[in-house]
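A short worksheet on the structure shown next.
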Amino acid sequence: MVSYKDLGLVNTREMFKKAINGGYAVPAFNFNNMEQMQAIISACVECSSPVILQVSSGARKYANQTLLRYMAQGAVEYAKELGKNIPICLHLDHGNSFELCKSCVDMGFSSVMIDGSSLPYDENVALTKKVVDYAHQFDVTVEGELGVLAGVEDEVSAEEAHYTRPEEVIDFVSKTGVDSLAISIGTSHGANKFKPEQCTRNADGVLVPPPLRFDILEAIEKQLPGFPIVLHGSSSVPQEYVKIINTHGGALKDAVGIPEEQLRQAAKSAVCKINIDSDGRLAMTAMIRKIFVEQPAEFDPRKYLGPARDELKKLYMHKCENVLGSAGKA
Ligand code: G3H
Ligand code: 13P
Ligand code: ZN
């Protein structure tokens, strides 16, 4: 049993309180490897933002759970070495069982998500409460989810979305004791968040998605004033990356994300954690593809992973400074 407190990590409680009062959202960036972790930490140190390092169960399988945990521990020291002791939370993204959440709590995570959103309501309540009862013994915070996001990825998949029902949130939060609630108001996972037929096209032929359901968000906030709300599936799918990928041998079709202004608006509300993974994948892929095409003789991984890492750092700083508003809040 390892306590996150001994690793220099923090849970989300204080982070979220400050974010709600300050009208910004804390970034939750997924990581699977060293370059992503370095980019996240160096960006958040440079712009002085608190940060949530997210590990999915797919990431645990890919990179090994022990290595990832030590990397997060290393991230705390790395931030100090870079000159700033920013608040860093290590969070399990989309935990799908009590056992997985328990294992993360036991190995030093400071926060876990139990995603029972695809279960019948009563089963979601029971599973979430079981995780909360365990995690709270160690002061580990828990994120639950109500409502289903569409989108298909390695470990997270749903054919159809359904929005969170505001009339359920008080009952869910009081029965489970969760510290934060992920909701469904029109975001979804991955780089193809909407079908082209759900969108309109602007003058440049770029797909414009339907707006997020701010009316549902407001209704939820009315039910749970000041309670921390989480938005998953919040990549904006920058079209400049899509273009670089597609002009350097890639084949991303109809990729569309959530417009940044809408995320900015959400971050000013009770939304205090915004999850971003796909945009980082796009930034890395764009840089690597470009270098492979422009410098075909290059075979030193540092020569393509290094520029990919630089681009990622730029992207993360932009998110903190211009989208989430978390820069300067560490
Ligand atoms: O919401 C899911 C995250 O983007 C993690 O994706 O399961 O492919 O690691 P993954
Ligand atoms: P994106 O696929 O939009 O980056 O969402 C990531 C996410 O929600 C991780 O939990
Ligand atoms: Zn998610």
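Need the list of lysines near LYS273 for cross-linking: C-alpha distance under 18 angstrom, and skip anything on the same chain fewer than eight residues off. Partners within reach: LYS17, LYS18, LYS319, LYS329. Projecting label points 7 angstrom from Cα along Cα→Cβ for ARG302 and LYS314 puts them 2.2 nm apart. When only alpha carbons of the range 2-78 are considered, Rg and Dmax amount to 12.8, 37 Å. Listed by chain and number, the aspartates and glutamates placed with their C-alpha closer than 20 angstrom to that of LYS175 are ASP115, ASP122, GLU123, ASP133, ASP139, GLU143, GLU145, GLU167, GLU221; residues fewer than eight positions away on the same chain are left out.
Which of rounded, prolate or oblate describes the chain when judged by the alpha-carbon gyration tensor and an a/c cut-off of 1.5? Don't skip to the answer; put the middle values down first.
Details: a/c = 1.61, a/b = 1.17, b/c = 1.38.
It comes out oblate by the Cα gyration axes.
Please work out whether the range 108-151 counts as rounded, prolate or oblate from its C-alpha gyration tensor, where a ≥ b ≥ c are the square roots of the eigenvalues and a/c under 1.5 means rounded, while otherwise a/b larger than b/c means prolate and anything else oblate? Oblate. Note on the chain: dipole from Cβ charges, positive end direction compared against ALA283, GLY177, HIS189; the farthest Cα belongs to ALA283. Working from label points 7 Å from Cα in the Cα-to-Cβ sense, the GLU294 to LYS84 distance is 2.9 nm. With 32 Å as the limit on Cα-Cα distance, the pairs of LYS5/LYS61; LYS193/LYS290; LYS80/LYS253; LYS5/LYS130 that go past it are LYS80/LYS253. The modelled label-to-label distance for the pair ARG213/PHE138, using points 7 Å beyond Cα in the direction of Cβ, is 3.5 nm. Only helical runs count toward this figure. For the chain, summing -39,500 (n - 2.57) over DSSP H runs of n ≥ 4 and dividing by all residues gives -14000 deg cm²/dmol at 222 nm.
Under 1.5 on a/c is rounded, so check that first for the range 187-324, then, if it is not, pick prolate when a/b is larger than b/c and oblate when it is not; a ≥ b ≥ c are the square roots of the alpha carbon gyration tensor eigenvalues. Judged from the Cα gyration tensor, the range 187-324 comes out oblate (a/c at least 1.5, b/c at or above a/b). For ILE258, the solvent-accessible surface with a 1.4 Å probe is about 0 Å², rounded to the nearest 10.
With every protein chain kept in the model, how would you rank ARG213, ARG60 by accessible area, 1.4 Å probe, largest at the top?
On the way: ARG213 85, ARG60 35 Å².
Ranking ARG213, ARG60 by accessible area, largest first, yields ARG213, ARG60.
Between the C-alpha center of the range 28-48 and that of the range 58-136 there is a gap of 17 Å. Between the C-alpha center of the range 197-236 and that of the range 163-188 there is a gap of 15 Å.
The values are calculated or read from the model by the stated rules, or taken from the named source; none is laboratory data. Model, not experiment: these values are computed from the prediction. Reconstructed Cβ throughout: ideal geometry from the backbone, glycine too, with neighbour counts over all protein chains shown. Please note that ligands, DNA and RNA were not included when accessible areas were found on the heavy atoms of the full protein model with its side chains. Shrake-Rupley method; radii C 1.70, N 1.55, O 1.52, S 1.80 Å.
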